[in-house]
Amino acid sequence: MSQIGVLLWNSSNNRLNNNILNLNDHNGILLYEFSSNNELSNNTANWTYAGFGIWLSFSYNNTLVNNTASNNRIGIFLLESGYGHLINNSASSNDWSGINLQSSNNNSLLNNVANSNNINGIFLIDSSGNILDSNYASNNTGYGININNSSRNNILKNNIANLNGKEDLIFNDPENNTITGPREEAPFPGSELAGAAVLFTYLVFGRKVRGK
């Protein structure tokens, strides 16, 4: 057992593939302070005691593909990190959130699974310009997809969020976020479009949505 399974600090252009990083005290994988252009694929980072499975901090242009991060506080956490690509990752059964973006902009999340987490499946806080496409966020205790605290200009399309405990999709302080489905589009610039957006999102996401 160690504090951190793998730490990259101001280190770029690396490949971390096919590692098993379980039972660490704080983080399974940590990319810290301008660790950019790295590729993380097919890693397992489970059962961290006090931290996160995979944590990117102040790091850019990283690609995460086919990683598993379960039974941590947060599965995959991006803090002030941008232009990353999260593809086909599984972040389920975590204490807080499956995938958490905080002050992180211009990332793309494609076909990730964030199910059965204790609070949020996917949580964006103060994060803008991100694309969420074809992700799964179901059976979370709180919220499926939670767009919160001045998160602007995000695009959500073809995501599946259902059977969550409180809301399947929630926008707090909605500002210019867009939901795009196979045939329709519903922007969230303000309260004048909230009714149409809620109706459309009910059809796409299953049952529950709230913007306030």
Query - Filter result for the condition that a residue is polar (S, T, N, Q) and surrounded by 19 or more Cβ atoms within 10 Å (Cβ to Cβ), over ASN42, ASN94 - result: ASN94
Report summary line: Flagged in segment 29-56 as of a type in the set (Gly, Ala, Ser) and modelled with pLDDT of 95 or more, in numbering order, are SER35, SER36, SER41, ALA45, GLY53
Query - Single match in LEU78, LEU86, LEU101, LEU109 (criterion: open to solvent by less than 10 Å² (accessible area, probe 1.4 Å), closer than 20 Å to LEU156 by Cα, in contact with an Asp or Glu (Cβ under 8 Å, 6 or more places away or on another chain) and part of a strand (DSSP E or B)) - result: LEU109
Requested in this report: Output the qualifying pairs, or none if there are none: Cβ atoms under 6 angstrom, residues six or more apart or on different chains, first residue in segment 62-90 and at positive phi, second residue among the hydroxyl-bearing types (Ser, Thr, Tyr) and outside any loop (DSSP other than H, G, I, E, B).
Outcome: ASN66/SER41; TYR83/TYR60
Query raised in the report: For SER127, all conditions in the list (1) within 13 Å of ASN94 (Cα to Cα); (2) not in a strand (DSSP E or B) hold save one; what is the number of the exception?
Result: (1)
Report task. Looking for whichever is farther than 18 Å from LEU124 by Cα, open to solvent by less than 50 Å² (accessible area, probe 1.4 Å) and more than 14 Å from the chain's Cα centre (by Cα) here; the options are SER11, SER70. Which one fits? Result -> SER11
**Report entry** Residues located in segment 140-177, provided they are modelled with pLDDT of 90 or more, open to solvent by 30 Å² or more (accessible area, probe 1.4 Å) and of a type in the set (S, T, N, Q)
**Finding:** THR141, ASN153, ASN158, ASN162
Report task. State all residues of segment 47-67 that are more than 17 Å from PHE34 (Cβ to Cβ), buried (at least 20 other Cβ atoms within 10 Å of the Cβ) and of a type in the set (S, T, N, Q); if no residue qualifies, say none. Result -> THR48, ASN67
Query raised in the report: Out of curiosity, is SER138 at negative phi and not hydrophobic (A, V, I, L, M, F, W, C)?
Result: yes
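The values are calculated or read from the model by the stated rules, or taken from the named source; none is laboratory data. Keep in mind that what you see is a predicted model, and the values were worked out from it rather than measured. Cβ coordinates were reconstructed from backbone atoms using ideal geometry, including for glycine residues, and neighbour counts include every protein chain displayed. Ligands, DNA and RNA are excluded from the accessible area calculation, which covers all protein heavy atoms including side chains. Shrake-Rupley method; radii C 1.70, N 1.55, O 1.52, S 1.80 Å.
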